[in-house]
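To start, the structure itself, in structure tokens.
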There are 2 protein chains.
Amino acid sequence: MKRIRIIVAYDGTGYCGWQIQPNGITIEEVLNHALSGLLGEPIRIIGASRTDSGVHALGNVAVFDTKTRIPPERISYALNQHLPDDIVIVRSEEVPGDWHPRYCNCVKTYEYHIFNAKVPDPVRRRTAYFVSYPLDLGEMRRAAAYLIGEHDFASFCNIKTSVEDTVRTIYELEILERSVQGPEDYRDGREIRIRIRGNGFLYNMVRIIVGTLLRVGRKYYTPEQVKEILEAKNRQAAGVTAPPQGLVLEKIEYPL
Amino acid sequence: MKRIRIIVAYDGTGYCGWQIQPNGITIEEVLNHALSGLLGEPIRIIGASRTDSGVHALGNVAVFDTKTRIPPERISYALNQHLPDDIVIVRSEEVPGDWHPRYCNCVKTYEYHIFNAKVPDPVRRRTAYFVSYPLDLGEMRRAAAYLIGEHDFASFCNIKTSVEDTVRTIYELEILERSVQGPEDYRDGREIRIRIRGNGFLYNMVRIIVGTLLRVGRKYYTPEQVKEILEAKNRQAAGVTAPPQGLVLEKIEYPL
């Protein structure tokens, strides 16, 4: 028996998220099915991050145990032949039998993509949140600074979960921009990426942070109010949850 | 009766191209249906460019005649409420009753997007052609130079058409690149955009040019061979047609 770790990239548009559930098709289910078919034994993977419906990933991580004689590094190639083109196995390798993808001391990086322009671009609609109002990125960066470090993020957690410990550490929270030239001047815009790296995130935490920062960018909140929102430790205090299509799980780093 | 011109952007993934046809749903059909419903009269639009299945547009152009009393500039807004989110009307305005979107002296700009990396990115699969082999952009640019200007592009025309005159003028043919940092080093890559501006294009011409330039980038053809391919005036001489998902009709310019 070998434990295999896979790095998985996917376009989450067509899936009800990672985790198996009765209402629709999920990434986990498709991977279990493809792996069981490929390896000729029932496979149940364990994923690192149970991304939500519509959320994308460049580097989610999962493991499974198998008796296969296919060399571990070749499994990614073979498995990709059995997968739809919106799921790609980037890499496969053997790990020790006790290695688990949900180590509490792993570090996750997410990016949230916003297309900020006067006119929406339908080609971007699955991979970026369209925002038509002007955004003050300077104010957003000042607000973001309050969130960096170890804090109780209870205000930024979907109330549907029941975690006891809502303390997390954000190591980096960057707001990057790139101007985009449209076919005509009135369609010029910019791509904004909110890049966030931390030691685990609460349910919907990245999307609530983004929704809150967007309110700052719109001058609906001051940066200082984000400090108050954080201190309130109450979900009602923060902004709305930004929609899923802008979110990408970039990578998960594990201690060596 | 008023003639209204609309600028249309769309994600072509879910459509069998622009033009109405029996095998599946098309952009033209969806627009006719939405306009007829909105305006309460049967509307048949005339499009400028009959883009292929899977090809996108930021600025296709169409006209229709209507008796509506909705102000011309407001039609875009009203129509967007009746359209799926993969089609967006960017602008609407009244034009003279004899204005036609297929004026022979209009200038079209296309962009072809390539994602060049070792590992595919499923999030980009609908909007870029994934190329895993190395590409020599210097050689591609030298080859592209032979195509700029007025030429007989018979070698770059799908043989299924029967146009008599295969002479066209390419004003610009640029190859641009932007490096893309992946979540890990081995996933770094680049976005390549082949931008082409000309006075009309033959059927599949842009995609055959791209397929041919990719063979140059791969060192399968020399740049000088592209000159020979052009002079051969024979479709068999050129490279394969690049797939549709990388292609975007950026804009159509009309003489004032």
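The table for this structure:
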{"item": "Enumeration of residues in region A:150-169 that are assigned to a strand (DSSP E or B) and either open to solvent by 30 Å² or more (accessible area, probe 1.4 Å) or closer than 27 Å to A:Thr13 by Cβ (or both)", "result": "A:Glu150, A:His151, A:Asp152, A:Val167, A:Arg168"}
{"item": "Among (1) over 21 Å from A:Gly246 (Cα atoms); (2) in a loop (DSSP other than H, G, I, E, B); (3) of a type outside the set (Gly, Ala, Ser) - the single one A:Lys227 does not satisfy", "result": "(2)"}
{"item": "Answer residue from region B:49-74, given it is of a type in the set (Gly, Ala, Ser) and more than 14 Å from chain A (Cβ to nearest Cβ) and is least open to solvent (accessible area, probe 1.4 Å) among those", "result": "B:Ala62"}
{"item": "Selection within region A:75-85 - open to solvent by 50 Å² or more (accessible area, probe 1.4 Å) and among the hydroxyl-bearing types (Ser, Thr, Tyr)", "result": "A:Tyr77"}
{"item": "Those residues of region A:188-206 which are farther than 17 Å from A:Leu137 by Cα and not in a loop (DSSP other than H, G, I, E, B), in sequence order", "result": "A:Arg197, A:Gly198, A:Met205, A:Val206"}
{"item": "Residues being out of contact with any Pro (no Cβ under 9 Å at 6 or more places or on another chain) and within 18 Å of B:Tyr112 (Cα to Cα) - total across region B:141-152", "result": "2"}
{"item": "Scan of region A:230-256 for residues that are polar (S, T, N, Q) and either open to solvent by less than 40 Å² (accessible area, probe 1.4 Å) or in a loop (DSSP other than H, G, I, E, B) (or both), ordered by number", "result": "A:Asn234, A:Thr241"}
{"item": "Residue pairs meeting the criteria (Cβ under 7 Å; at least 6 apart or on separate chains; first away from chain B (no Cβ under 14 Å), in region A:233-250; second of a type in the set (Val, Ile, Thr) and surrounded by 19 or more Cβ atoms within 10 Å (Cβ to Cβ))", "result": "A:Ala237/A:Ile229; A:Ala238/A:Ile208; A:Ala238/A:Thr212; A:Ala238/A:Ile229; A:Gly239/A:Ile208; A:Gly239/A:Thr212; A:Thr241/A:Ile208; A:Ala242/A:Val210"}
{"item": "Residue list for region B:114-149, restricted to those being crowded, with 16+ Cβ neighbours inside 10 Å, under 22 Å from the mean Cα position of the chain (by Cα), under 22 Å from B:Met205 (Cβ atoms) and more than 14 Å from chain A (Cβ to nearest Cβ)", "result": "B:Ile114, B:Val131, B:Leu137, B:Met140, B:Arg141, B:Ala143, B:Ala144, B:Tyr146, B:Leu147, B:Ile148"}
{"item": "Residue list for region A:65-90, filter: touching a Ser or Thr at 6+ places or on another chain (Cβ under 6 Å) and assigned to a strand (DSSP E or B)", "result": "A:Ile89"}
{"item": "Hey, A:Glu93 assigned to a strand (DSSP E or B), buried (at least 16 other Cβ atoms within 10 Å of the Cβ) and either within 14 Å of another protein chain (Cβ to nearest Cβ) or in contact with a Ser or Thr (Cβ under 6 Å, 6 or more places away or on another chain) (or both) or not", "result": "no"}
{"item": "Residue among A:Ile7, A:Ile46, A:Ile20, A:Ile25 that alone is within 24 Å of A:Arg125 (Cα to Cα) and open to solvent by 10 Å² or more (accessible area, probe 1.4 Å)", "result": "A:Ile25"}
{"item": "Filter result for B:Ile194 (under 18 Å from B:Ala238 (Cα atoms) and surrounded by fewer than 19 Cβ atoms within 10 Å (Cβ to Cβ))", "result": "no"}
{"item": "Contacts under 9 angstrom Cβ, first residue in region B:138-159 being under 14 Å from B:Ile194 (Cβ atoms), partner among the aromatic types (Phe, Trp, Tyr), 6 or more apart", "result": "B:Glu139/B:Tyr221; B:Ala143/B:Tyr221; B:Leu147/B:Phe153; B:Leu147/B:Phe156; B:Ile148/B:Tyr171; B:Phe156/B:Phe201"}
{"item": "Of all residues in region B:170-187 being open to solvent by 90 Å² or more (accessible area, probe 1.4 Å) and within 14 Å of chain A (Cβ to nearest Cβ), the one that is modelled with the highest pLDDT", "result": "B:Ser179"}
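The values are calculated or read from the model by the stated rules, or taken from the named source; none is laboratory data. These numbers come from a predicted model, not from an experiment. Neighbour counts are summed over all protein chains in view; Cβ atoms, including those assigned to glycine, are modelled from backbone coordinates with ideal geometry. Side chains included, ligands, DNA and RNA excluded: accessible areas come from the protein's heavy atoms. Shrake-Rupley method; radii C 1.70, N 1.55, O 1.52, S 1.80 Å.
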